[in-house]
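Let me begin by presenting the structure, written as structure tokens, before commenting on it.
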Amino acid sequence: MVRTYRNPEFPYTPPPELEGGPGRCPVAIVGAGPSGLTAAIDLARHGVASVVLDDNNTVSIGSRAICFAKRTLEILDRLGCGEAMVNKGVTWQLGKVFFHDREVYRFNLLPEEGHRMPAFINLQQYYAEEYLVRRAQAFPEQIDLRWKNRITGIDSRPDGTRLTVDTPDGDYALDCDYVLAADGANSGIRDMLGLECSGQVFNDRFLIADVVMKAEFPTERWFWFDPPFHPGQSVLLHKQPDDVWRIDFQLGPDADPDEEKKEENIRPRVQAMLGDDVDFQLEWASVYTFRCRKMDSFIHNRVLFIGDASAQVSPFGARGANGGIQGVENLCWKLGRVIHGEAPEELLASYDAERQHGAAENIGHSTRATDFITPKTPTIRAFRDAALQLSEHYPFARALVNSGRLSRPCVYDGSPLNTGDSDAFPSLLRPGSPPEDAPVTVHGQQTWWLHLLGDRFHLLVDGRVGVDTADGLADALRAVLDAVPEVSLRLVGPVPHVLRQLPRSTIVEDPQGYLAARHDLRPGTAYLFRPDQHVAARWRELTAGRVIDAHNRALGHSLRTSQEERHAAAGA
């Protein structure tokens, strides 16, 4: 096999604890994969220092997770490495589904204009991890990256955790206020604590073959059911950077993984697909099965599980790394505020509530895709094949075809942090929703809406109101800004003069109308955005009391009140 990428090796440095007693840190992150590194960077932006512990000293071997979705790229852009990933990655938004030797339908994941980030990029996980490491190194005061530091013991208590860490120079102890377990699907932290994941294990085996070749295939996602070059099974094709193409071959449950990984057995499969005249080199291969399962709770005392350590899904739909990074963003602003004493510890329970919802959604989509791709009985296969045949001509049948419902961010419906109007709006961007980007103008310069939403609470108000209502709106907004110092105000203009005088405010022009259309804006409409940019609340008529109450609720104060009420009732 050839290698187009050379894994960097990061230096091991003896930890200071080897020379003294136990160390102490606010947060220890176990695992320097995509979720762990993203968490360290996000926490640093929230003013929280962390120690990242990894038992290796390089990035992942092989392409692994390659599909990064639009929302994930927006998160990484906020953290400072999204642009580099997009520039290196292969951008795509069109997918095609084939049955036997013909295309039966195609889909476009981002048909509209006015978005900074693409629907998807393909980028090998090793590149993503390297960019994240380099970004983490830009925070030397907040992020302590410790390579070749392996966790051998954990003592988890309600008020903190002690980790025992093995290094090439000996063992040491590290006391942590919080631990983020980002050590993967086979989490050692989870095993040490005697915790489990529940769900479904699938027996079908799949071969990943990364091949290097010059090819005329377009940069699209192609999925075949029962193709002539691999009869009775499925095949997935993606283009990656460096002329590397990812091919996934379904093998069936009885395949021998050791045999299937041999190059002499992979080459005939790839050659049958590409044709005898296509020259290629094999870069990396792996045979995998997968699980769709999650922990019953992502919180154990002060150990919080993130990424694959908390939940695992099949690769169909690109919901693993994407879901993990979206979960990290959900957690880090909450943990930062708890550590800084700006929110009650009960706020962390909302991480579990919201991401359990997200994990269940991802597992549901992933399981249904797997069941469609790998039908278990002749009757189910006949139904599937009929749906594929009909989908070429009938739109209703296309809704039945499932080669992987591609990752979309979760809407946190039913979250205890949500509030605000519901009946006065369409369902788009309801409380709990992730944001929608749009091109906007500030001080005559074009920018993007998401660039105006940072790591704090933001209040979007359509300030295009008449002079008869401007004074009342200004008074309400002034009361909000006085009561909640961390809220920044974004006013969609042009606005009356009295609104221009408000502190911590930015006038946003919407020349193309994308912002107004995506938020269903009308004069006076308001949205409160959380630090993870999800919608906390929205109103047609803003009052200071509504905004202040919504802010307090989004910080978890209602959760503390509910817990106190439960304790009082139990005591009575």
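Looking at the range 443-464, which of the residues that are part of a loop (DSSP other than H, G, I, E, B) and under 15 Å from H519 (Cα atoms) is farthest from the chain's Cα centre (by Cα)? It would help to see each step written out before you state the result.
Filtering the range 443-464 down to residues part of a loop (DSSP other than H, G, I, E, B) leaves 443-444, 453-457, 463-464.
Now drop any that are not under 15 Å from H519 (Cα atoms), which leaves 453, 463-464.
Details: L453: 17, G463: 33, R464: 35 Å.
Filtering the range 443-464 for residues that are part of a loop (DSSP other than H, G, I, E, B) and under 15 Å from H519 (Cα atoms), the one farthest from the chain's Cα centre (by Cα) comes out as R464.
Quick check on my filter: what residues within the range 408-427 are of a type in the set (A, V, I, L, M) and over 20 Å from the mean Cα position of the chain (by Cα)?
Residues of the range 408-427 of a type in the set (A, V, I, L, M): 411, 417, 424.
Once the filter is applied, which keeps residues that are of a type in the set (A, V, I, L, M) and over 20 Å from the mean Cα position of the chain (by Cα), the range 408-427 yields only A424.
Checking G404 against (1) crowded, with 21+ Cβ neighbours inside 10 Å; (2) without any contact (Cβ under 8 Å) to a residue 40 or more places away in the chain, which single condition isn't satisfied?
Checking G404 against (1) crowded, with 21+ Cβ neighbours inside 10 Å; (2) without any contact (Cβ under 8 Å) to a residue 40 or more places away in the chain, the one that fails is (2).
Going through A311, A343, A318 one at a time, which residue ends up being touching a Leu at 6+ places or on another chain (Cβ under 8 Å), of a type in the set (A, V, I, L, M, F, W, C) and over 20 Å from D455 (Cα atoms)? Don't jump to the end; show me each part of the working.
Numbers: A311 fails: touching a Leu at 6+ places or on another chain (Cβ under 8 Å); A343 fails: over 20 Å from D455 (Cα atoms).
Just one listed residue meets the conditions, A318.
Among S297, S310, which is surrounded by fewer than 20 Cβ atoms within 10 Å (Cβ to Cβ), under 28 Å from I363 (Cβ atoms) and small (G, A, S)?
Working: S310 fails: surrounded by fewer than 20 Cβ atoms within 10 Å (Cβ to Cβ).
When all the criteria are applied, what remains is S297.
Considering only residues that are of a type in the set (S, T, Y), surrounded by 15 or more Cβ atoms within 10 Å (Cβ to Cβ) and not in a loop (DSSP other than H, G, I, E, B), which ones fall in the range 368-400? Full working, then the answer.
Filtering the range 368-400 for residues of a type in the set (S, T, Y) gives 370, 374, 377, 379, 391, 394.
Those still in the list that are surrounded by 15 or more Cβ atoms within 10 Å (Cβ to Cβ) too: 370, 374, 391.
Across the range 368-400, the qualifying residues are T370, S391.
Here are some residues: L400, L428. Which one is in contact with a helix residue (DSSP H, G or I) (Cβ under 8 Å, 6 or more places away or on another chain), under 30 Å from V495 (Cα atoms) and either at pLDDT below 95 or not assigned by TED's automatic domain parsing to the domain that holds D532 (or both)?
L428
Evaluate the range 121-132: report whether one residue or more is touching a Leu at 6+ places or on another chain (Cβ under 8 Å) and part of a strand (DSSP E or B).
yes
Got a number for residues in the range 465-485 being more than 16 Å from Y527 (Cβ to Cβ) and part of a loop (DSSP other than H, G, I, E, B)?
2
Output the residues belonging to the range 59-84 that are among the β-branched types (V, I, T) and either surrounded by 19 or more Cβ atoms within 10 Å (Cβ to Cβ) or in a strand (DSSP E or B) (or both).
Residues of the range 59-84 among the β-branched types (V, I, T): 59, 61, 66, 72, 75.
Within the range 59-84, V59, I66, T72, I75 qualify.
Could you tell me which of the residues N108, N56 is under 29 Å from W333 (Cα atoms), surrounded by fewer than 18 Cβ atoms within 10 Å (Cβ to Cβ) and out of contact with any Ser or Thr (no Cβ under 7 Å at 6 or more places or on another chain)? Let's see the steps before the verdict.
On the way: N108 fails: under 29 Å from W333 (Cα atoms).
After applying the criteria, what remains is N56.
Scan the range 222-233 and tell me whether some residue there is over 24 Å from the mean Cα position of the chain (by Cα), at pLDDT 95 or above and more than 30 Å from V97 (Cβ to Cβ).
The answer is no, given that none of the residues of the range 222-233 is over 24 Å from the mean Cα position of the chain (by Cα), at pLDDT 95 or above and more than 30 Å from V97 (Cβ to Cβ).
Residues L37, L18: which one is of a type outside the set (G, A, S) and either under 24 Å from the mean Cα position of the chain (by Cα) or crowded, with 19+ Cβ neighbours inside 10 Å (or both)?
Criteria check complete, one pass: L37.
Condition test on L491, is it assigned to a loop (DSSP other than H, G, I, E, B) and touching a Leu at 6+ places or on another chain (Cβ under 8 Å)? It would help to see each step written out before you state the result.
Numbers: assigned to a loop (DSSP other than H, G, I, E, B): no; touching a Leu at 6+ places or on another chain (Cβ under 8 Å): yes.
Here the answer is no, as L491 does not meet what is asked.
Which one of N56, N87 is without any contact (Cβ under 8 Å) to a residue 60 or more places away in the chain, out of contact with any helix residue (DSSP H, G or I) (no Cβ under 7 Å at 6 or more places or on another chain) and either in a strand (DSSP E or B) or in the same structural domain as A318 (by TED's automatic domain parsing) (or both)? Give the steps one after another, and end with the answer.
Numbers: N56 fails: without any contact (Cβ under 8 Å) to a residue 60 or more places away in the chain.
None of the other options fit; the residue is N87.
For the range 403-412, which residues satisfy the criterion of being modelled with pLDDT of 95 or more and either more than 17 Å from E329 (Cα to Cα) or of a type in the set (V, I, T) (or both)? Break it down stepwise before answering.
Residues of the range 403-412 modelled with pLDDT of 95 or more: 411-412.
Scanning the range 403-412 gives a single hit, V411.
Per-residue answers, yes or no, for (1) of a type outside the set (G, A, S); (2) farther than 30 Å from G232 by Cβ; (3) in contact with a Leu (Cβ under 8 Å, 6 or more places away or on another chain):
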residue: R78; (1), (2), (3): yes, yes, yes
residue: G82; (1), (2), (3): no, yes, yes
residue: G89; (1), (2), (3): no, yes, yes
residue: F99; (1), (2), (3): yes, no, yes
residue: M117; (1), (2), (3): yes, yes, yes
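Using the structure shown, decide if Y12 is outside any helix (DSSP H, G or I) and closer than 30 Å to V401 by Cα.
Working: outside any helix (DSSP H, G or I): yes; closer than 30 Å to V401 by Cα: no.
When the stated conditions are applied, Y12 does not pass them.
I need the full set of residues from the range 332-367 which are over 19 Å from A40 (Cα atoms), β-branched (V, I, T) and surrounded by fewer than 20 Cβ atoms within 10 Å (Cβ to Cβ), in order please.
T367 - this is the single residue of the range 332-367 that is over 19 Å from A40 (Cα atoms), β-branched (V, I, T) and surrounded by fewer than 20 Cβ atoms within 10 Å (Cβ to Cβ).
Being buried (at least 20 other Cβ atoms within 10 Å of the Cβ) and basic (K, R): is that true of R102 here? Talk me through it step by step, then tell me what you get.
Working: buried (at least 20 other Cβ atoms within 10 Å of the Cβ): no; basic (K, R): yes.
In short, no.
Those residues that are of a type in the set (K, R) and without any contact (Cβ under 8 Å) to a residue 12 or more places away in the chain, I need them from the range 250-266; list them, please.
Restricting attention to the range 250-266, the residues satisfying the condition of being of a type in the set (K, R) are 261-262.
The one that is of a type in the set (K, R) and without any contact (Cβ under 8 Å) to a residue 12 or more places away in the chain: K262.
Does at least one position in the range 108-115 carry a residue that is more than 23 Å from I208 (Cα to Cα) and touching a Leu at 6+ places or on another chain (Cβ under 8 Å)? Walk me through how you get there before you give the answer.
As a first pass, look at the range 108-115 and keep what is more than 23 Å from I208 (Cα to Cα): 108-115.
Of the ones still in play, those that are also touching a Leu at 6+ places or on another chain (Cβ under 8 Å) are 108-109.
The answer is yes; a qualifying residue exists.
When residues of the range 200-235 are filtered for being surrounded by fewer than 19 Cβ atoms within 10 Å (Cβ to Cβ), under 24 Å from R293 (Cβ atoms) and either touching a Gly at 6+ places or on another chain (Cβ under 8 Å) or not hydrophobic (A, V, I, L, M, F, W, C) (or both), how many remain?
2
State all residues of the range 145-161 that are surrounded by 14 or more Cβ atoms within 10 Å (Cβ to Cβ) and either among the polar types (S, T, N, Q) or closer than 30 Å to T4 by Cα (or both); if no residue qualifies, say none.
Residues satisfying the conditions are L145, R146, W147, K148, N149, R150, S156, T161.
Can you report the number of residues in the range 162-183 which are surrounded by fewer than 22 Cβ atoms within 10 Å (Cβ to Cβ) and in contact with a strand residue (DSSP E or B) (Cβ under 9 Å, 6 or more places away or on another chain)? Quick ask: steps written out before the conclusion?
Of all residues in the range 162-183, those surrounded by fewer than 22 Cβ atoms within 10 Å (Cβ to Cβ) come to 162, 164, 166-173, 175, 177.
Adding the requirement that they be in contact with a strand residue (DSSP E or B) (Cβ under 9 Å, 6 or more places away or on another chain) leaves 162, 164, 166-167, 171-173, 175, 177.
Number satisfying all stated conditions: 9.
Test each condition in (1) buried (at least 21 other Cβ atoms within 10 Å of the Cβ); (2) out of contact with any Asp or Glu (no Cβ under 7 Å at 6 or more places or on another chain) for H443 and report the one that comes out false.
Among (1) buried (at least 21 other Cβ atoms within 10 Å of the Cβ); (2) out of contact with any Asp or Glu (no Cβ under 7 Å at 6 or more places or on another chain), the lone unmet condition for H443 is (1).
Taking Q389 as meeting all but one of (1) modelled with pLDDT under 95; (2) farther than 30 Å from L453 by Cβ, write down the number of the exception.
(1)
Whether any residue in the range 288-303 is within 18 Å of P409 (Cβ to Cβ) and touching a strand residue (DSSP E or B) at 6+ places or on another chain (Cβ under 9 Å) is what I want to check. Outline the logic, then answer.
Within the range 288-303, the subset within 18 Å of P409 (Cβ to Cβ) is 294, 298.
Now narrow it down to the ones that are touching a strand residue (DSSP E or B) at 6+ places or on another chain (Cβ under 9 Å): 294, 298.
Yes, the range 288-303 contains at least one residue that is within 18 Å of P409 (Cβ to Cβ) and touching a strand residue (DSSP E or B) at 6+ places or on another chain (Cβ under 9 Å).
The values are calculated or read from the model by the stated rules, or taken from the named source; none is laboratory data. Every value quoted in this text rests on a predicted model; they were computed, and no experiment measured them. A quick note on method: Cβ atoms are made from the backbone with ideal geometry, for glycine too, and the neighbour counts reach across all protein chains shown.
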